[in-house]
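Engineer: Mind looking over this structure? Questions follow.
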Amino acid sequence: MRAEPRSPPCTGVRGLWQRPLSPAPPAGLTVRAKGRSRTTLLIIITTYMLLHLNTVFGAKSYRSLALNPIQRPEMYIIGTQPLCSQLTGLSPGQRKLCQLYQDHMVYIGEGAKTGIKECQYQFRQRRWNCSTVDTTSVFGRVIHIGSRETAFTYAISAAGVVNAVSRACREGELSTCGCSRAARPKDLPRDWLWGGCGDNVNYGYRFSREFVDAREREKNHPRGSLDQARTLMNLQNNEAGRMAVYNLANVACKCHGVSGSCSLKTCWLQLADFRRVGEFLKEKYDSAAAMRINRRGKLELVNNRFNPPTPDDLAYIDPSPDYCLRNETTGSMGTQGRLCNKTSEGMDGCELMCCGRGYDQFKTYKHERCHCKFHWCCYVKCKRCTSLVDQFVCK
Ligand SMILES: *[C@@H]1O[C@H](CO)[C@@H](O)[C@H](O)[C@H]1NC(C)=O
Ligand SMILES: *[C@@H]1O[C@H](CO)[C@@H](O)[C@H](O)[C@H]1NC(C)=O
Ligand SMILES: *[C@@H]1O[C@H](CO)[C@@H](O)[C@H](O)[C@H]1NC(C)=O
């Protein structure tokens, strides 16, 4: 095992990790597919890869296939790559990358799934809760609309991929990367050692950029068209998601020395908890920039009183559909049947959640841990309490 045991990050070292990104892709990561025939593209575009990947990669058969190459020795024989041809939803460029980096595929799938779960957590109290009518892909038809919500799903999925690949490198799961080789932060105290095995955020970032963006770069829409606007929007949001993981990664340290004396510290680069990435991107969602395409084929602000988005920011081109009512065309699920909070004045409050339609009241039993006692040493024992609580459900 190359992985270092993790320990809580030391205080006083936050913000040390602020190295500019290197623009060059990692060696060997230069496969780019040029334009494909329009019809092929149209078929492929209809479902966005990550979201599609989630269904593909979710399959048990695929996982075991990927994780047990011994059972499938032909996986490693060049030219016979059953895995990549079996995966539907990959663009031509992604298929090539899949053949070159087969061992990465399971982490791409896992990363996208982590992103989706985080999306559902962050939006659990919103009208749009990150799931939709269409069950063939997780986000369904709602992502055909270039809305603020779509921007978030692209960003968080791309972030999930960076996260998973960076960690897989550290854990020694991938043949083309290992521990982070990030330079020692300048302001790390001199007597602290730099060199524990860190998450390879650099590699994760660059690989994800090649792979996730490949499908957007293959498109060749007319300049200034709505399709081009959508491509640019996707690229912006993918990048914002990756940057979030990159910038939130920080220095973590571990103490050594006689019985906790901490006379020696070893430090390394560590990914932030993915929940923090989700929270950060949720703030970016709240401040996302409304954009439109100009004739030169660039996105510009709809309202130029605001600052233009930086690469860290989310951007969208369409207004959000109505999430109150179920609508098969837009893919909105509506809020009927959603739980709401009678006393809250926020988005989870019954007034806003139910869009003024009112709510039904139920009584339900709630089970909780209670009367917890600390026992020497060292465990906590709790009782299980049941109480009758009110629940409110949108009409
Ligand atoms: C569904 O949404 C579309 C687009 O906003 C709208 O034109 C249509 O009237 C809606 N349908 C229903 C049944 O609400
Ligand atoms: C989202 O809301 C719908 C009802 O509008 C519900 O069926 C679904 O389970 C919810 N999804 C999550 C992840 O909470
Ligand atoms: C409902 O909202 C109130 C006010 O925001 C909050 O104090 C309370 O904990 C919420 N109840 C539930 C069950 O989430």
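We did not get these values from a lab; they are worked out from the coordinates using the rules stated. Quick caveat: nothing in here was measured; it's all calculated off a predicted structure. Neighbour counts run over all protein chains shown; Cβ positions are idealised from the backbone, glycine included.
Engineer: How big is the Rg/Rh ratio for region 132-261, C-alpha atoms only, Rh by Kirkwood, two decimals? It would help to have the intermediate numbers written out before the result.
Structural biologist: Values: Rg = 19.1 Å, Rh = 17.1 Å.
Reported Rg/Rh, Kirkwood definition of Rh: 1.12.
Engineer: Is the shape of region 337-394 rounded, prolate or oblate, going by the alpha carbon gyration tensor and its root eigenvalues a ≥ b ≥ c, with a/c under 1.5 for rounded and a/b larger than b/c for prolate? Numbers along the way, then the final one.
Structural biologist: Numbers: a/c = 5.24, a/b = 2.75, b/c = 1.91.
Here region 337-394 falls in the prolate category.
Engineer: Which whole-Hz ³J(HN,Hα) couplings does region 300-316 yield from phi under the Karplus relation 6.51 cos²θ - 1.76 cosθ + 1.60, θ = phi - 60°, glycine and proline marked x?
Structural biologist: Values, residue by residue: 9, 5, 5, 10, 7, 6, 8, 6, x, x, 8, x, 7, 9, 8, 9, 9 Hz.
Engineer: So if we plug the beta-carbon distance of LEU339 and PHE306 into 1/(1 + (r/R0)^6) with R0 = 45 Å, what FRET efficiency do we get, rounded to 0.05? Before the final figure, lay out the partial values.
Structural biologist: Working: r = 35 Å, r/R0 = 0.77.
It comes out at approximately 0.80.
Engineer: Please work out the Cα center distance from region 254-278 to region 321-395, rounded to the nearest Å.
Structural biologist: Going from one Cα centre to the other spans 37 Å.
Engineer: Is the C-alpha gyration tensor of region 246-349 telling us rounded, prolate or oblate? Criteria: a/c under 1.5 is rounded; beyond that, a/b larger than b/c is prolate, otherwise oblate.
Structural biologist: Values: a/c = 3.47, a/b = 1.61, b/c = 2.15.
Judged from the Cα gyration tensor, region 246-349 comes out oblate (a/c at least 1.5, b/c at or above a/b).
Engineer: Rank by packing, highest mean first: peptides 249-262, 276-289, with packing defined as the count of other Cβ atoms within 10 Å averaged across residues. Walk me through the numbers on the way to the answer.
Structural biologist: Working: 249-262: 15.1, 276-289: 19.6.
Descending mean neighbour count gives 276-289, 249-262.
Engineer: Scan around LEU193 for amide H atoms under 5 Å from its own, H built in the peptide plane at 1.01 Å from N, and keep only partners 5 or more places away or cross-chain.
Structural biologist: LYS265, THR266, CYS267
Engineer: May I ask which of LYS282/LYS342; LYS117/LYS265; LYS113/LYS284; LYS342/LYS366; LYS254/LYS381; LYS96/LYS219 have a Cα-Cα span longer than 27 Å here?
Structural biologist: Numbers: LYS282/LYS342 24 Å; LYS117/LYS265 35 Å; LYS113/LYS284 20 Å; LYS342/LYS366 17 Å; LYS254/LYS381 30 Å; LYS96/LYS219 16 Å.
Result: LYS117/LYS265; LYS254/LYS381 exceed 27 Å.
Engineer: If each residue's Cβ is checked for other Cβ atoms within 10 Å, how do THR114, THR335 rank with the fewest at the top? Don't skip to the answer; put the middle values down first.
Structural biologist: Working: THR114 20, THR335 25.
The order, fewest Cβ neighbours first, is THR114, THR335.
Engineer: So for GLU173, GLU345, fewest C-beta neighbours within 10 Å to most, what's the order? Mind showing how you got there, number by number?
Structural biologist: Numbers: GLU173 18, GLU345 9.
The fewest-first ordering by Cβ neighbours comes to GLU345, GLU173.
Engineer: Could you order the peptides 212-218, 368-374, 164-170 from most to least packed, using the average number of other C-beta atoms within 10 Å per residue? All intermediate terms of the calculation are to be shown ahead of the outcome.
Structural biologist: Working: 212-218: 21.4, 368-374: 9.9, 164-170: 26.3.
Listed from highest to lowest mean packing, they are 164-170, 212-218, 368-374.
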